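The values are calculated or read from the model by the stated rules, or taken from the named source; none is laboratory data. These numbers were taken from a predicted model, which means no experiment stands behind them. Using ideal geometry, Cβ is built from the backbone for each residue, glycine included, and neighbour counts are taken over all protein chains shown. Side chains included, ligands, DNA and RNA excluded: accessible areas come from the protein's heavy atoms. Shrake-Rupley method; radii C 1.70, N 1.55, O 1.52, S 1.80 Å.
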Amino acid sequence: MQKISPLRSSIEAFNKFKALRANKTDKAQKTEQKAQTNPFGITFKGNMIQMDVFEKTQKTEKAMSPSLKERLQNTGKLLASAWVGTINKFSSFKTNAIAFGNKLKDNTIAFGHKLKEIGNTKVEFDVFKYNVSRLQNQPVSELKSLLANELQGVSNE
Amino acid sequence: MNSRRVRNIIEALGKHKDEESIQVLNELGTNCPIDEIRELTSKALIRKNTHSALELMIVNKGKGINDLSARVAMCAINELLALKDKQEAIKILDDTINMHSEKEVQDTARSVKALMSFSS
């Protein structure tokens, strides 16, 4: 029986370990190539990061990216709603302004008509004009014409 | 018609010193179809208490005390009765009773004179 020296045995064990490791790394590379999940050969504590790990990361990415999209969408929605609100505000302001303008115009026209009416009607302050003591001092011919005018209205009625 | 204006004008004509005012009242007031105007005119003319004004109200048929409207006639009679100086009115009434051609006018004048004699 051959006597195995401790040095030799240790070298053999090292070689075996090396071969095993080489096999393991080949398998790992093959799986990597198949899955293509870890193209940069990222390791974690000496082990190659597997697909499931990346899947998790993908999931997290998925979980993250929609949130961003949602955020963007939400911001877009917010902006859109704000814009619509502004448009509504402007449109309501516009309608109000138009209504106010129309009202102002109508009021002005009505006031103008009233002024015309006032201009057409005789505004007589006859409290003093038809005072008896004042009439008494007027000539009879004038009083006659005044009375005739008043009674003319009666005959027309 | 503004009745206040008409009333004031008639009152002013009644108080007017110009004799022409009697003619105006006779022409426009006593011939007016509205009782109220005739009433106001008869009041104004009687208040004048002049011969021509009282003669219009006593002698003429259909005017003053002889008005067809009882209201106007009664108003004229009341006004005659309210006069302070009835001398001229009684004189005209006497002349009417004695000299007027219309019996109806004479009767009215007689009645008014009787009332005046009772009231004074």
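I'm told B:Thr41 meets every condition in (1) closer than 14 Å to A:Leu147 by Cα; (2) over 11 Å from the mean Cα position of the chain (by Cα) except one. Can you identify the failing condition by its number?
Just one mismatch for B:Thr41, condition (2).
Yes or no: B:Asp95 free of Cβ contacts under 8 Å to residues at least 60 places away in the same chain, in contact with a Lys or Arg (Cβ under 8 Å, 6 or more places away or on another chain), away from every other protein chain (no Cβ under 12 Å) and over 26 Å from A:Pro139 (Cβ atoms)?
Details: free of Cβ contacts under 8 Å to residues at least 60 places away in the same chain: yes; in contact with a Lys or Arg (Cβ under 8 Å, 6 or more places away or on another chain): no; away from every other protein chain (no Cβ under 12 Å): yes; over 26 Å from A:Pro139 (Cβ atoms): yes.
Criteria not met by B:Asp95.
Anything in region B:76-118 that is over 24 Å from B:Gly14 (Cα atoms) and of a type in the set (Gly, Ala, Ser)? List them, or say none.
Those that are over 24 Å from B:Gly14 (Cα atoms) and of a type in the set (Gly, Ala, Ser): B:Ser101, B:Ser111, B:Ala114, B:Ser117.
Mind checking whether some residue in region B:65-75 is touching a Gly at 6+ places or on another chain (Cβ under 8 Å), open to solvent by 70 Å² or more (accessible area, probe 1.4 Å) and modelled with pLDDT of 90 or more?
Looking for residues that are touching a Gly at 6+ places or on another chain (Cβ under 8 Å), open to solvent by 70 Å² or more (accessible area, probe 1.4 Å) and modelled with pLDDT of 90 or more, one finds at least one in region B:65-75, hence yes.
Give the residues of region B:11-36 that are more than 7 Å from chain A (Cβ to nearest Cβ) and closer than 22 Å to B:Ser52 by Cβ, sorted by residue number.
Scanning region B:11-36 gives B:Gly14, B:Lys17, B:Glu19, B:Ile22, B:Gln23, B:Leu25, B:Asn26, B:Glu27, B:Gly29, B:Thr30, B:Asn31.
Please verify whether B:Met57 is open to solvent by 70 Å² or more (accessible area, probe 1.4 Å) and of a type in the set (A, V, I, L, M, F, W, C), treating the condition exactly as stated.
It is false that B:Met57 is open to solvent by 70 Å² or more (accessible area, probe 1.4 Å) and of a type in the set (A, V, I, L, M, F, W, C).
Being open to solvent by 30 Å² or more (accessible area, probe 1.4 Å), within 24 Å of B:His100 (Cα to Cα), assigned to a helix (DSSP H, G or I) and of a type outside the set (Asp, Glu) is true for just one of B:Arg47, B:Arg7. Which residue is that?
On the way: B:Arg7 fails: within 24 Å of B:His100 (Cα to Cα).
Of B:Arg47, B:Arg7, the one residue that is open to solvent by 30 Å² or more (accessible area, probe 1.4 Å), within 24 Å of B:His100 (Cα to Cα), assigned to a helix (DSSP H, G or I) and of a type outside the set (Asp, Glu) is B:Arg47.
Mind counting the residues in region B:53-68 that are in a helix (DSSP H, G or I) and in contact with a Leu (Cβ under 9 Å, 6 or more places away or on another chain)?
7
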